[in-house]
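The values are calculated or read from the model by the stated rules, or taken from the named source; none is laboratory data. Quick caveat: nothing in here was measured; it's all calculated off a predicted structure. Here the Cβ positions follow ideal geometry from the backbone for every residue, glycine too, while neighbour counts run over all protein chains shown.
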Amino acid sequence: YTRTRDLYDDFANVLTQVDALLMLDVYPAGEAPIPGADSRSLCRTIRGRGKVDPILVPDSTQAAEMLASVLTGNDLV
């Protein structure tokens with residue numbers, strides 16, 4: 001969570017530049033959660049910038065299925 005907090009604006013800036021975004025939970029790396037340094041907050045910030053509507057993936061086991069639902073012919077992952 002520390003890395004997400006410290007680089008929050010950088011993450012939001014770069015992730016706003018994609019065509020589609022599926023976001024999993026921030027990896028905790030043994031840390032306690034830091035309010036505002038989580039995937040839900042990042043999604044809200046990115047959505048607020050109006051360029052991409054991120055999809056929060058609630059469970060990593062659903063990631064492949066959710067990704068398959070948005071991919072098209074020449075997409076890069």
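Just give me the residues in the stretch 37-55 being touching a Lys or Arg at 6+ places or on another chain (Cβ under 7 Å) and of a type outside the set (D, E, K, R), in sequence order. Reasoning before the result, please.
Taking the stretch 37-55 first, the residues touching a Lys or Arg at 6+ places or on another chain (Cβ under 7 Å) are 37, 53-54.
Once the filter is applied, which keeps residues that are touching a Lys or Arg at 6+ places or on another chain (Cβ under 7 Å) and of a type outside the set (D, E, K, R), the stretch 37-55 yields 37, 54.
Yes/no per residue for (1) over 15 Å from residue 15 (Cβ atoms); (2) at pLDDT below 95:
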site	(1), (2)
42	no, no
47	no, no
51	no, yes
54	no, no
60	yes, yes
67	yes, yes
77	no, yes
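In this structure, is residue 37 at pLDDT 90 or above and surrounded by 13 or more Cβ atoms within 10 Å (Cβ to Cβ)?
On the way: at pLDDT 90 or above: yes; surrounded by 13 or more Cβ atoms within 10 Å (Cβ to Cβ): yes.
In short, yes.
Given the conditions (1) outside any loop (DSSP other than H, G, I, E, B); (2) within 12 Å of residue 1 (Cα to Cα); (3) among the hydroxyl-bearing types (Ser, Thr, Tyr), and given that residue 69 satisfies all but one, which numbered condition is not satisfied?
Result: residue 69 passes all but (2).
Identify all residues within the stretch 46-72 that are loosely packed, with under 10 Cβ neighbours inside 10 Å and under 14 Å from residue 26 (Cβ atoms); write none if there are none.
Selection gives 60 alone.
Scan the stretch 4-59 for residues that are assigned to a loop (DSSP other than H, G, I, E, B), without any contact (Cβ under 8 Å) to a residue 40 or more places away in the chain and of a type in the set (Gly, Ala, Ser) and jot them down.
Matches in the stretch 4-59: 29, 30, 32, 36, 37, 50.
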